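Enquirer: Below you will find the structure I want to go over with you.
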Amino acid sequence: MTTPPKLTRREMLAGTAGLVGGAMLTGLPLEGQAPEPAPAVPPDATKLQGAPTAPLGARSPFEAPTRAPSGATTGSSLTPLQDLSGTITPSDLHFERHHAGIPALDPARHTLTIHGLVDRPLTFTVDDIRRFPQVVRTHFVECAGNGRAAFRAPKPEMTAQQVAGMLSTSEYTGVPLATLFREVGVRPEASWFLAEGGDACVMTRSVPVAKAWDDALIVWAQNGEPLRPAQGYPLRLLLPGWEGNINVKWVRRLELGTRPWMTRWETSKYTDPMPDGTARQFTFELDAKSVITSPSHPDTLARKGWHAISGLAWSGRGRIARVEVSTDRGATWHDAEFLSRPEPKSPVRFQYLWEWTGREATLLSRATDEAGFVQPTRTALIAERGLGTDYHFNPVLGWQVARSGQVTFFAET
Amino acid sequence: MRARTNLNTRTTLACLALAGAAACGDAAANGPATSASTPAAAPAVGPAAFTDYDGAAVAGGPGAGKRFGIGSAAARTAIAAMDRDVGPDGAELPPGRGTVAEGRTLYTAQCAACHGLNGEGNEPTYPRLLGRVADAEGFKFASDPKLPHTIGNYWPHATTLFDYIRRAMPHPQPGSLSDDQVYALTAYLLAQDDVIADDATLDAAALRAVKMPYADRFRPDDRKPTAAPAAARP
């Protein structure tokens, strides 16, 4: 992700959809915004037969969440976090970031070959992979560039989608990479492996072998069905908690060796310049982070009284231990409650009930993970890494609520 | 949100508790369909500890200590067809050679349309490749996001350029360049960004010898998992 997302026409449309959603939430049409024509429904649905069964389900015509695609084969599309509940991202709304488009792969022909410092170089068909004992795990994937524009050049009109939409969560089914590594007999001297995708840039990343013995997976299913093509169909390397790019999609080859390969995606890209004139490399684990998804821009709070402040918190190092919410720009903090069970390297949905008195407020959230890492302020992050840091943005961010109830993005923490 | 423990995991867990992983690995009946050709359990080759959702480490994950005999021997030719990566020591560099002058001609014909005649790019879609400016020397990128990254002022390894062009460029016809052409383009881009001489020729030995100006600026992640940056708390 080198491109700070611009507000494209499509994103503006997505924003409009969010706006309508927000207006529906509060039950009020928003000022200056022509209400969209409502889908046709009968006056009383109990008085006539409904629609028949169908081969595929569809969303209610009242719901139209969309990603915000940049439209390029080297582009991205962002998950509409403001439209989602719970922790799972519907597969068709999972964010995308491709470097050479989405390859068309035939699962009957696609294979995964493991070679290099191994006793038995083996090639596995997709069917072979599915014969191994499986595991089911819920994990997030977050692009290392998630939130770059919000960090470098925050604007009040940014939405949750633009601020943090390169985060998506799925329930994955796959085989532990450790199982495959035992199958090929990885030699003790192997310390790194190269993972290669079968797309048009033949994406490559170097991975320490230790991750394979820990929790790495080769996955083939997402949310109960085969992976979506945009998420790596038919096979993806999943390295729980690690920056998105290294979770190589369409994975076709793993080569065991003794040093990193220094691929373009771990040198020219995905490295973080530091104020001391160095660049941090191999910044794999994503540090604890949180985002309030409701309320968020462009919502307007319609009335005073109780509002559930809700959002997501996650850490690439383990479970989220605590989420705090502030409604007064960080002067005081309150523990939020978890609406889902915290699992390792998997987002938790949090909620804090807040009574809005009609005064200006700044809503912030701050996550702490089980290792004790506390999500930093933007000021602290800039002091540590500089405004020119290129990836791995996890500052405390939030939303400004005006007296009018209008909600805008707030980043000055 | 609990992870579902499948039968194999449970079996493994039970085996671990009862008899240890090695004994379970030998007991073929505990695994999924095994055939006569199933090899004997291989010795564990690493500190396998598959993190279970419930916090208990299931050593090696389901089926630990087992080999299943699934998969087929990878053909040498099939591996060779894919195994085209070049690491930082250049050990895998192929035969071939190319000059800066040849690279200039190729660049103009096949690359300039997207990356610009002078490698200035057309951001955000088409990245800048060249154009070192005095302001951006000294690796001060953290201070100003606008400082232009180029090959010469940022990339730590020349081998990366060879590997990437060969695997992914030109964007509309990836993988279409001969090794000679890739050497030539690598030479041209390095010469244009003042890393090697304008009359240079690159082959495997010459490319291995190239030292990028800021190679020593890259260092592995040194974050502490437990502590946020100082003054983290708002």
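The values are calculated or read from the model by the stated rules, or taken from the named source; none is laboratory data. Nothing here was measured: the structure is a model prediction, and the numbers come from that model. Reconstructed Cβ throughout: ideal geometry from the backbone, glycine too, with neighbour counts over all protein chains shown.
Enquirer: Does any residue in segment A:165-181 that is without any contact (Cβ under 8 Å) to a residue 60 or more places away in the chain come within less than 9 Å, Cβ to Cβ, of a residue that is of a type in the set (D, E) six or more places away or on a different chain, and which pairs are these?
Expert: A:P176/A:D215; A:A178/A:D214; A:A178/A:D215
Enquirer: Now, a different point. Collect the residues in segment A:351-388 that are within 30 Å of A:K304 (Cα to Cα), crowded, with 19+ Cβ neighbours inside 10 Å and among the aliphatic types (A, V, I, L, M), keeping them in residue-number order.
Expert: Within segment A:351-388, A:A361, A:L363, A:L364, A:A367 meet the criteria.
Enquirer: Can you tell me which residue within segment A:349-374, out of those that are within 9 Å of another protein chain (Cβ to nearest Cβ) and under 30 Å from A:A302 (Cβ atoms), is farthest from the chain's Cα centre (by Cα)?
Expert: A:L364
Enquirer: Quickly run through segment B:117-150 and pick out the residues that are of a type in the set (V, I, T) and more than 8 Å from chain A (Cβ to nearest Cβ).
Expert: Matches in segment B:117-150: B:V133, B:T150.
Enquirer: Scan segment A:38-73 residue by residue and report those that are touching a residue at least 40 places away in the same chain (Cβ under 8 Å) and outside any loop (DSSP other than H, G, I, E, B).
Expert: Hits for segment A:38-73 are A:A68, A:P69.
Enquirer: Sticking with this one: Kindly indicate the residue of segment B:195-222 that is touching a Pro at 6+ places or on another chain (Cβ under 8 Å) and in a loop (DSSP other than H, G, I, E, B) and also surrounded by the most Cβ atoms within 10 Å (Cβ to Cβ) among those meeting that condition.
Expert: Taking the candidates together, the pick is B:M212.
Enquirer: Continuing with the same structure: All but one of (1) in contact (Cβ under 8 Å) with a residue 60 or more places away in the chain; (2) among the hydroxyl-bearing types (S, T, Y); (3) more than 23 Å from A:P80 (Cβ to Cβ) hold for A:S294; state the number of the condition that does not hold.
Expert: (3) is the only condition that A:S294 fails.
Enquirer: Step by step: first the residues of segment A:173-210, then only those that are among the charged types (D, E, K, R) and outside any loop (DSSP other than H, G, I, E, B), then the one that is nearest to A:P226 (Cα to Cα). Which residue is that?
Expert: Filtering segment A:173-210 for residues among the charged types (D, E, K, R) gives A:182-183, A:187, A:189, A:196, A:199, A:205.
Going one step further and asking which of them are outside any loop (DSSP other than H, G, I, E, B), we end up with A:182-183, A:196, A:205.
Numbers: A:R182: 25, A:E183: 24, A:E196: 20, A:R205: 24 Å.
The selected residue is A:E196.
Enquirer: Taking the condition of being of a type in the set (V, I, T), within 18 Å of the chain's Cα centre (by Cα) and within 13 Å of another protein chain (Cβ to nearest Cβ), how many residues in segment A:129-172 meet it? Before the answer, list the steps.
Expert: From segment A:129-172, those of a type in the set (V, I, T) are A:129, A:135-136, A:138, A:141, A:159, A:163, A:169; that's our starting set.
Subset that is within 18 Å of the chain's Cα centre (by Cα): A:138, A:141, A:159, A:163, A:169.
Remaining after also requiring within 13 Å of another protein chain (Cβ to nearest Cβ): A:138, A:169.
Total satisfying the criteria: 2.
Enquirer: For the condition within 13 Å of chain A (Cβ to nearest Cβ) and either in contact (Cβ under 8 Å) with a residue 60 or more places away in the chain or in contact with a strand residue (DSSP E or B) (Cβ under 6 Å, 6 or more places away or on another chain) (or both), what is the one hit in B:R166, B:R223?
Expert: Residue meeting the stated conditions: B:R166.
Enquirer: Now, a different point. Applying the selection to segment A:152-194, what residues are surrounded by fewer than 24 Cβ atoms within 10 Å (Cβ to Cβ) and of a type in the set (A, V, I, L, M, F, W, C)?
Expert: A:A153, A:A190, A:W192, A:L194
Enquirer: Of everything in segment A:148-201, what is more than 19 Å from A:A221 (Cα to Cα), of a type in the set (V, I, T) and touching a helix residue (DSSP H, G or I) at 6+ places or on another chain (Cβ under 9 Å)? Give them in sequence order.
Expert: A:T159, A:V163, A:V186
Enquirer: Let me ask another. When you check B:I165 against the structure, is it outside any loop (DSSP other than H, G, I, E, B) and modelled with pLDDT of 95 or more, yes or no? Give the steps one after another, and end with the answer.
Expert: Details: outside any loop (DSSP other than H, G, I, E, B): yes; modelled with pLDDT of 95 or more: yes.
For B:I165, the condition - outside any loop (DSSP other than H, G, I, E, B) and modelled with pLDDT of 95 or more - is met.
Enquirer: Look through segment A:253-285, keep the residues that are within 7 Å of chain B (Cβ to nearest Cβ) and among the basic types (K, R), and return whichever of them is surrounded by the most Cβ atoms within 10 Å (Cβ to Cβ).
Expert: A:R253
Enquirer: Only residues that are more than 14 Å from chain B (Cβ to nearest Cβ) and part of a strand (DSSP E or B): list them for segment A:286-311, please.
Expert: Selection gives A:V291, A:I292, A:T293, A:S294, A:T300, A:G305, A:W306, A:H307, A:A308, A:I309, A:S310, A:G311.
Enquirer: From the list B:G103, B:G87, B:G131, which residue is within 30 Å of A:R252 (Cα to Cα) and modelled with pLDDT of 95 or more?
Expert: Exactly one of B:G103, B:G87, B:G131 is within 30 Å of A:R252 (Cα to Cα) and modelled with pLDDT of 95 or more, namely B:G87.
Enquirer: Suppose the filter is at the interface with chain A (Cβ under 9 Å from one of its Cβ atoms), among the β-branched types (V, I, T), touching a Pro at 6+ places or on another chain (Cβ under 8 Å) and surrounded by 13 or more Cβ atoms within 10 Å (Cβ to Cβ); does B:T159 pass it?
Expert: So B:T159 passes the test.
Enquirer: Still on this structure: For A:Y352, indicate whether it is touching a residue at least 12 places away in the same chain (Cβ under 8 Å) and out of contact with any strand residue (DSSP E or B) (no Cβ under 7 Å at 6 or more places or on another chain). It would help to see each step written out before you state the result.
Expert: Values: touching a residue at least 12 places away in the same chain (Cβ under 8 Å): yes; out of contact with any strand residue (DSSP E or B) (no Cβ under 7 Å at 6 or more places or on another chain): no.
The answer is no for A:Y352.
Enquirer: Among the residues of segment A:52-89, write down those that are within 14 Å of chain B (Cβ to nearest Cβ), among the small types (G, A, S) and buried (at least 17 other Cβ atoms within 10 Å of the Cβ).
Expert: A:S70, A:G75, A:S76
Enquirer: Quick one: is B:D54 in a helix (DSSP H, G or I), at negative phi and modelled with pLDDT under 95?
Expert: no
Enquirer: I've got another one for you. Test each condition in (1) surrounded by 21 or more Cβ atoms within 10 Å (Cβ to Cβ); (2) outside the structural domain of A:L217 (by TED's automatic domain parsing); (3) outside any loop (DSSP other than H, G, I, E, B) for A:D92 and report the one that comes out false.
Expert: The single condition A:D92 does not satisfy is (1).
Enquirer: Sort out which residues of segment B:200-216 are over 19 Å from the mean Cα position of the chain (by Cα) and among the basic types (K, R), and write them in order of number.
Expert: B:K211
Enquirer: Same structure again: Conditions: (1) more than 26 Å from A:G57 (Cβ to Cβ); (2) touching a strand residue (DSSP E or B) at 6+ places or on another chain (Cβ under 7 Å); (3) not acidic (D, E). A:A100 meets all but one. Number of the miss?
Expert: (2)
Enquirer: Within segment A:185-196, can you find the residues that are facing chain B (nearest Cβ under 8 Å) and of a type outside the set (G, A, S)? Write out each step before concluding.
Expert: Filtering segment A:185-196 down to residues facing chain B (nearest Cβ under 8 Å) leaves A:185-188, A:194, A:196.
Answer for segment A:185-196, where residues must be facing chain B (nearest Cβ under 8 Å) and of a type outside the set (G, A, S): A:V186, A:R187, A:P188, A:L194, A:E196.
Enquirer: Mind listing just one residue for me: the one in segment A:197-218 that is crowded, with 22+ Cβ neighbours inside 10 Å, hydrophobic (A, V, I, L, M, F, W, C) and closer than 21 Å to A:G318 by Cβ and, of those, nearest to the other protein chains (Cβ to nearest Cβ)?
Expert: A:W213
Enquirer: Okay, moving on. For segment A:95-128, enumerate the residues that are farther than 26 Å from A:E243 by Cα, outside any strand (DSSP E or B) and within 12 Å of another protein chain (Cβ to nearest Cβ).
Expert: A:D119, A:R120, A:P121, A:D127, A:D128
Enquirer: Is one or more of the residues making up segment A:317-338 within 17 Å of A:T87 (Cβ to Cβ), in a strand (DSSP E or B) and within 11 Å of chain B (Cβ to nearest Cβ)?
Expert: Checked segment A:317-338: at least one residue is within 17 Å of A:T87 (Cβ to Cβ), in a strand (DSSP E or B) and within 11 Å of chain B (Cβ to nearest Cβ).
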